[in-house]
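A quick write-up on the structure given underneath.
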Amino acid sequence: MGNTLQTPPQSPPPQQPPQQQLKIAGEEENQEITCEICIEPTSNADKKFTNTNRCSHPFCTDCMIKYIRVKLEDDNVGRIKCPAFNCDHTLDPLACASLVGPSLFVRWCDVLCEAAVVGLDKCYCPHRNCSALIVNECGGNVKKSSCPDCRRWFCFKCKRIWHAGVGCEESAVLRDRNDMAFGMLVEQKKWMSCPRCRHFVELLEGCKIVKCR
């Protein structure tokens, strides 16, 4: 039997004292970054956006809020990618909730839900001041339905307000006549349509900036 060589046991690397670890972490937080959107430098930790360990591209929080808002309100996209060039990582909605605020976060959740039911039989509540997304989970030829949000009846088949005693085709004719009259009234009164819910509003007095409820 020959002699075998034994490697000496390796000692673990020396650990840094807690004070030094905190110092390094503080230096990383205060390190200056350059936002890849606005190309402006910032060293404020509150102004730095972090994509929850998915990627480490530098962005400022102001630019990311605007970027997320455009993706949701203009492009209607729920799976939002990192805006860095050739980056396929997506943003985490839960991690961004405090950044975008409750209103935009709810909108983000709605867009994700809409994308999840693609291919299913669905419609929006036709009643004014509602427009809730409704999915036919039971299947089959559903007609008279109740909106789970506003509790009002509508026809799931023709996607219109419930027309008791009137067929869908006849209801469409009546609706077309009413729409023509309403369109003339809109033009006469110079009403404006909300770009999000499509409801018409009339400005009587005050500021010209109108916020949708």
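The values are calculated or read from the model by the stated rules, or taken from the named source; none is laboratory data. Not measured: the values here are computed from a predicted model. Reconstructed Cβ throughout: ideal geometry from the backbone, glycine too, with neighbour counts over all protein chains shown.
Okay, here's what the table says:
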item	result
Of the criteria (1) more than 28 Å from V117 (Cα to Cα); (2) exposed (fewer than 12 other Cβ atoms within 10 Å of the Cβ); (3) of a type outside the set (S, T, N, Q); (4) at pLDDT 65 or above, which one D176 fails	(4)
Residues (loosely packed, with under 14 Cβ neighbours inside 10 Å and at pLDDT 90 or above) located in the range 45-78	K66, V70
Residue list for the range 127-143, restricted to those being over 20 Å from A115 (Cα atoms) and modelled with pLDDT of 85 or more	H127
Considering residues of the range 151-173 that are assigned to a loop (DSSP other than H, G, I, E, B) and modelled with pLDDT under 70 only, the residue farthest from E73 (Cα to Cα)	G165
Pair list, Cβ < 9 Å and 6+ apart or interchain, from the range 96-117 residues that are farther than 21 Å from F49 by Cβ to residues that are part of a helix (DSSP H, G or I)	D110/L72
